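The values are calculated or read from the model by the stated rules, or taken from the named source; none is laboratory data. Because the structure is a prediction, the values reported are computed rather than measured. Reconstructed Cβ throughout: ideal geometry from the backbone, glycine too, with neighbour counts over all protein chains shown.
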Amino acid sequence: MRFLFTIAAVVALAVPSVAQDNILRQKALRQQRLKQQKAQKQKMLPLPAPAVERFLQMSPEDRERALARLTPERRQQVEERLSRLEQLPADQRQGLQDVYPAFMNLRPVRRQAVRQEIQLLRQLRPGERRERLNNNAADFSPEEMEILRKVAGLPE
């Protein structure tokens, strides 16, 4: 009888612990998902290269034919960039496609300056990006700043 009582007591003590563990695990998973969603929103958007932009506008059949003509290394680069762009949410992808013509309309010297700034911004955390953009606003035209903010994923 004591043995059954002991087992019942142990089970009674263990059940709340298991339930609490499940609750804590679920809470940790929710927090992790929220962090990932927030990080995804704060990630800088990749600015497509001209070749990638052309591939995005092709039909799947034309794309495959064009890819077949590339060297293996170049094909891999283009496919990686295409897959990165295709994995973006539709609104981010559309934002990039809206920004890209403005970027390409910049003079080559200014395009290079904006490209270099994008590369520097990619190395920073979101808060640091905002600060850098605010500090360097005088170095760029309003159009260039709009491109930088959109690519950096920062509001105007």
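Would you check if Pro46 is assigned to a loop (DSSP other than H, G, I, E, B) and either at pLDDT 85 or above or not aromatic (Phe, Trp, Tyr) (or both)? If you could, list the steps in order and put the result at the bottom.
Numbers: assigned to a loop (DSSP other than H, G, I, E, B): yes; either at pLDDT 85 or above or not aromatic (Phe, Trp, Tyr) (or both): yes.
Judged against the criteria, Pro46 is a match.
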Does Gly127 meet the test of being more than 27 Å from Arg63 (Cβ to Cβ) and either outside any loop (DSSP other than H, G, I, E, B) or not basic (Lys, Arg) (or both)? yes
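Here is a list: Ala39, Ala102. Which entry is of a type outside the set (Asp, Glu), surrounded by 10 or more Cβ atoms within 10 Å (Cβ to Cβ), at pLDDT 85 or above and part of a helix (DSSP H, G or I)? Steps first, please.
Details: Ala39 fails: at pLDDT 85 or above.
Only one candidate qualifies: Ala102.
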Can you tell me which residue in segment 57-95 is modelled with the highest pLDDT, limited to those that are outside any helix (DSSP H, G or I) and closer than 29 Å to Lys150 by Cα? Ser59
